[in-house]
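Q: Dumping the structure here so I can ask a few things about it.
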Amino acid sequence: MLLDIDKLRAYYEGAHDDISLDDVDLERIPAHVSIIMDGNGRWATARGLDRSQGHVAGVDSLREAVTTSVRLGLDVLSVYAFSTENWRRPKREVDLLMHLFATTLVNELPLFHQENVRLRFLGDIDSLPERTRRVFQRGLDETADHTGMTFALAVNYGSRAEIARAAREIARDVARGALSADDVDETALAGRLYTADLPDPDLLIRTSGEMRLSNYLLWQLAYTEFYVTPVLWPDFSRWDFLRAVASFQGRSRRFGGVVSS
Ligand code: IPE
Ligand code: IPE
Ligand code: MG
């Protein structure tokens, strides 16, 4: 994606402790960054607030992450907002999250228009509450023609369910003669995942220090670089994003081969 240097410099204006724009190579920005936004609950609890306040605060971080991604010229930003396992949380928290997703999406549509961001969802959004589903569909419709960054929001997403669903589709296609069993390969499977047509993430960021995937993009992260930060999601800023990118640029990605010199 094209990057507007002047806008980017203005966005990162001002010194900030240990990191600056000069610490990253603008020619080697990852194309797809994915984030497991974690730690909202702990952030709230540490302040004597209700967990829901952590989720509300997390929305500001998400807005900033979207803007940062656009400024850095990413092709894709994907974020994990609600897992298939998160239904196990108290109903009150689940209800609040579903409400927050819908409200946030409506509020952020002008930003998506302004920044030419195209929205898409990863996960089974058909079984979400009516209002959330309706608003999500509106977001898809209204941004379908946008040609800038893709923002992929994973809601009611679980990687195992996604792979099982792809396998089911393949089985159906084979059964009706649309696909031969011999043609079932990686491309056939990848093309039936929610991420079909998206490049695999180059960089995965997880906040709040947890070193696990929690059923996120198991297939797509095969060769992704991981960056785990202790920063809790509501505290995650454009500077933390820059730290993650700088760390990514210091890695040597070999994809199973040897380093080329
Ligand atoms: C991440 O924050 C947001 C969602 C899973 C919706 P958490 O709610 O998991 O926060 P912690 O991990 O309990 O601190
Ligand atoms: C993963 O975080 C899901 C999202 C961030 C949406 P969780 O907080 O649900 O993961 P676990 O339970 O700590 O593994
Ligand atoms: Mg968590």
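The values are calculated or read from the model by the stated rules, or taken from the named source; none is laboratory data. Keep in mind that this is a model prediction, so the values were computed, not measured. Positions of Cβ are generated from backbone atoms using ideal geometry, with glycine treated the same way; all protein chains shown enter the neighbour counts. Remember, those area values only see protein heavy atoms, side chains included, never the ligands or the DNA or RNA. Shrake-Rupley method; radii C 1.70, N 1.55, O 1.52, S 1.80 Å.
Q: Condition test on Phe82, is it surrounded by 17 or more Cβ atoms within 10 Å (Cβ to Cβ) and over 23 Å from Gly41 (Cα atoms)? It would help to see each step written out before you state the result.
A: Numbers: surrounded by 17 or more Cβ atoms within 10 Å (Cβ to Cβ): yes; over 23 Å from Gly41 (Cα atoms): no.
So Phe82 does not fit the description; no.
Q: To continue, here is another question. Confirm whether Val135 is open to solvent by less than 30 Å² (accessible area, probe 1.4 Å), touching a helix residue (DSSP H, G or I) at 6+ places or on another chain (Cβ under 8 Å) and within 15 Å of ligand 1 (Cβ to nearest atom). Give the steps one after another, and end with the answer.
A: Details: open to solvent by less than 30 Å² (accessible area, probe 1.4 Å): yes; touching a helix residue (DSSP H, G or I) at 6+ places or on another chain (Cβ under 8 Å): yes; within 15 Å of ligand 1 (Cβ to nearest atom): no.
So Val135 fails the test.
Q: Can you name every residue in region 22-60 that is open to solvent by 30 Å² or more (accessible area, probe 1.4 Å) and at positive phi?
A: Gly48
Q: Additional query: For Asp202, state whether it is under 21 Å from Ala81 (Cα atoms), of a type in the set (Asp, Glu), crowded, with 18+ Cβ neighbours inside 10 Å and free of Cβ contacts under 8 Å to residues at least 40 places away in the same chain.
A: Values: under 21 Å from Ala81 (Cα atoms): yes; of a type in the set (Asp, Glu): yes; crowded, with 18+ Cβ neighbours inside 10 Å: yes; free of Cβ contacts under 8 Å to residues at least 40 places away in the same chain: no.
Taking the combined requirement at face value, the residue does not satisfy it.
Q: Restricting attention to region 6-21, which residues are loosely packed, with under 12 Cβ neighbours inside 10 Å and at pLDDT below 95?
A: Passing the criteria: Glu13, Gly14, Ala15, Asp17, Asp18.
Q: So which of Arg92, Arg88, Arg71, Arg63 is closer than 20 Å to Tyr216 by Cβ and open to solvent by 20 Å² or more (accessible area, probe 1.4 Å)?
A: Arg88
Every residue, every condition in (1) surrounded by fewer than 19 Cβ atoms within 10 Å (Cβ to Cβ); (2) at pLDDT below 95; (3) within 16 Å of the chain's Cα centre (by Cα); (4) under 25 Å from Met1 (Cα atoms), yes or no:
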| position | (1), (2), (3), (4) |
| --- | --- |
| Thr150 | no, no, yes, yes |
| Asn156 | no, no, yes, no |
| Arg165 | yes, no, no, no |
| Arg168 | yes, no, no, no |
| Ala175 | yes, no, no, no |
| Ser180 | yes, no, no, no |
